[in-house]
Amino acid sequence: MAKFDIILFDADDTLLDFAKDEEQALTQTLIEYGIDCNDSIKERYKSINEALWKAFENGEVTKEDIQNIRFTKLFQELAIDKDGYKCNTDYLEALGYGSFLIPGAKEICGELRKMCRLYIVTNGISRTQYRRFNNSGINKFFTDIFVSEDSGYQKPQIEFFDYVFDKIGKLDKS
């Protein structure tokens, strides 16, 4: 008999290779905007994006602010006359098709599914995350997927996990 009835998995960099997905989406989007997608530009974007997500976790900006600011700021710094908000929309669309798996993720999920219920708990934008899981082929192993945007709280806030546990139903949290 299995020791656990339920396992909660994080998604990015646990099951899905977010770095590869992000790289592919960023490159594709910038190329579509006629921008030379070199390492310097990618690193600057990542720095801006990480700082904004950190500010979000600290309650300093909203998720909408991130989506409005990250490409706009990048384009301003690079003196590129492009619509940052539109670029962000296109980037999120491209990111939603990213479904690179961490090596062994599919196999471990397949084996664990035989022993217990699996759930995904992840931060991010719901539409993007659900599409990534559907494209990855691992969604069939999971009873449900919980994305922070749907709960109104970010991992690791207790309110996010209260939301998840409420949706799962009766369970032994230990």
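The values are calculated or read from the model by the stated rules, or taken from the named source; none is laboratory data. It should be emphasised that the depicted structure is a prediction, and the values quoted were computed from it without experimental measurement. Using ideal geometry, Cβ is built from the backbone for each residue, glycine included, and neighbour counts are taken over all protein chains shown. SASA here: full protein model, heavy atoms, side chains in, ligands and nucleic acids out. Shrake-Rupley method; radii C 1.70, N 1.55, O 1.52, S 1.80 Å.
In the chain, helices alone account for a calculated mean residue ellipticity at 222 nm of -17000 deg cm²/dmol, with every DSSP H run of four or more residues adding -39,500 (n - 2.57).
Take the range 32-135 with all the other protein chains still there, run a 1.4 Å probe, and you get 53 Å² of accessible area per residue. If you run the Gaussian network model on the chain, springs between alpha carbon atoms under 10 Å, then out of Glu93, Glu77, Glu159 the most flexible one is Glu77.
For Gln76 and Glu149, a Förster radius of 30 Å and the Cβ-Cβ distance give a FRET efficiency of 0.65, rounded to the nearest 0.05. Taking Ala25, Ala51, Ala79 in turn, the Gaussian network model of the chain (Cα-Cα springs below 10 Å) assigns the largest fluctuation to Ala79. A straight Cα-to-Cα reach below 27 Å connects Lys20 with the lysines Lys42, Lys46, Lys54, Lys63, Lys73, Lys82, Lys86, Lys106, Lys140, Lys155, residues fewer than 8 places away in its own chain not being considered. Charged neighbours of Met115, selected by a Cβ distance under 12 Å, balance to +2 (K, R count +1; D, E count -1). Largest mean-square fluctuation among Arg132, Arg70, Arg117, in a Gaussian network model of the chain whose springs join Cα atoms under 10 Å apart, belongs to Arg117. For the range 1-66, the share of accessible area belonging to carbon and sulfur comes to 49 percent (1.4 Å probe, ligands and nucleic acids excluded).
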